[in-house]
Ligand SMILES: NC(=O)c1ccc[n+]([C@@H]2O[C@H](COP(=O)([O-])OP(=O)(O)OC[C@H]3O[C@@H](n4cnc5c(N)ncnc54)[C@H](O)[C@@H]3O)[C@@H](O)[C@H]2O)c1
């Protein structure tokens with residue numbers, strides 16, 4: 001029996017680098033998983049792969065920054081699953097730009113997907129955890145703990161996710177535990193696309209800087225973040241709430 005057997009989990013950003021790994025890990029640990037993302041094609045491919053492997057998984061296209069979409073997701077979960085045990089708010093959008101060049105549209109895009117989305121998903125889905133000892137896991141970042149150059153919109157959104165987590169842990173206690181994970185640089189399409197906009201030489205230097213910023217002198221793997229999320233989702237973490245846990249290879253220890 002896996003540590004998530006009998007639990008129903010919603011994972012956002014399911015089609016992305018960490019989201020796909022999270023969906024597979026939570027299914028393997030025994031959960032029924034509803035993955036959601038904007039990317040229908042990648043979500044459908046994930047659903048095919050996981051259901052063919054015998055897992056209980058379904059994909060729904062959801063824009064987490066839309067109140068209508070998140071309400072429709074909650075109605076679907078209530079009708080088809082009868083309630084919810086775990087909400088893993090993993091969707092997010094990054095922007096690498098100096099603050100004075102950041103447009104209002106870019107700021108809103110980062111904040112809508114990252115911070116507003118975390119709020120709307122929580123507001124829509126937390127009521128389905130009533131009486132079930134739920135767990136909400138919010139993905140913040142080292143950028144929610146310390147500042148990074150050219151990442152003001154992202155750092156502000158991830159810092160917001162972190163404080164939203166702590167305040168929600170108080171509002172939703174004692175039924176629901178709410179925690180944040182703060183990953184370092186993890187090898188997914190997100191940091192890869194960030195450096196792909198640079199010249200080859202700059203991209204190499206930035207990637208080496210990413211590697212050297214972590215004490216193990218490498219970037220992280222999605223599995224290493226998802227392992228923490230799986231623990232927080234499980235009853236093993238029954239006394240952990242309101243926490244912001246770095247999974248950052250010691251980046252913020254320095
Ligand atoms: N990769 C890293 O280095 C890193 C570090 C710290 C934190 N994070 C955070 O981890 C989470 C997962 O990141 P990743 O590296 O897998 O990135 P990713 O870009 O591979 O995945 C993000 C996913 O979120 C989805 N998404 C974006 N906006 C959405 C919306 N409005 N509604 C629904 N889905 C939406 C995207 O379609 C994508 O599939 C993000 O919150 C990210 O900010 C990543």
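Once you keep just the Cα pairs under 8 angstrom separated by 6 or more residues, what percentage relative contact order results for the chain?
Values: 503 pairs, mean separation 48.3, N = 254.
Dividing the mean separation by the residue count of the chain yields 19 percent.
Please pull out the direction-averaged projected area of segment 125-183, using the convex hull of its alpha-carbon atoms, in nm² to one decimal place. Mind dumping the intermediate values first?
Working: hull surface 16.0 nm².
Hull-based average projected area comes out at 4.0 nm².
Over the chain, what portion of Cα pair distances is larger than 22 Å, expressed as a whole percent?
On the way: 16627 of 32131 pairs.
Beyond 22 Å sits 52 percent of the P(r) for the chain.
From the helices alone, meaning DSSP H stretches of at least four residues, give me the mean residue ellipticity at 222 nm for the chain, per-run term -39500 (n - 2.57), in deg cm²/dmol to the nearest 500. Write down the numbers at each step before the final one.
On the way: 9 runs with 112 residues, N = 254.
Roughly -14000 deg cm²/dmol at 222 nm, from the helical runs in the chain.
Quick one: length gained pulling residue 104 to residue 254 fully straight, 0.36 nm per residue minus the C-alpha distance?
Working: separation 150, 0.36 × 150 = 54.00 nm, distance 3.32 nm.
Residue separation times 0.36 nm, minus the Cα-Cα distance, leaves 50.7 nm.
With just the Cα atoms of segment 174-254, tell me how far they stretch along each of the three principal axes, in Å, largest first.
Taking the Cα atoms of segment 174-254, the three principal extents are 51, 25, 17 Å.
Per residue, how much space in cubic angstrom lies within the convex hull of the C-alpha atoms of segment 95-143? Walk me through the numbers on the way to the answer.
Values: hull volume 3.4 nm³, N = 49.
Dividing the Cα hull volume of segment 95-143 by its residues yields 69 Å³.
Give me the Kirkwood hydrodynamic radius of segment 1-151, using the inverse of the mean 1/r over all pairs of distinct Cα atoms, in Å to one decimal.
Values: mean 1/r = 0.0629 Å⁻¹.
It works out to 15.9 Å.
Need one number: nm distance between label points at residue 61 and residue 79, each 7 Å from Cα along Cα→Cβ, rounded to one decimal.
1.8 nm
Taking only Cα atoms, what is the 0 to 90° angle, nearest 10, from helix 40-52's long axis to the longest principal axis of the chain?
50 degrees
Rounded, prolate or oblate: which fits segment 99-217, taking a ≥ b ≥ c as square roots of the Cα gyration tensor eigenvalues, rounded meaning a/c under 1.5, else prolate when a/b beats b/c?
Values: a/c = 2.73, a/b = 1.86, b/c = 1.46.
Here segment 99-217 falls in the prolate category.
So what does log10 I(q)/I(0) come out to for segment 1-64 at q = 0.29 Å⁻¹, using the Debye formula with one equal point on every Cα and no solvent?
With no solvent term, the Cα-only Debye profile gives -1.25.
Just so you know, all these numbers are worked out from the coordinates, no wet-lab data involved. In this text, all values refer to a predicted model and were calculated from it rather than measured experimentally. Positions of Cβ are backbone-derived with ideal geometry, glycine not excepted, and every protein chain shown enters the neighbour counts.
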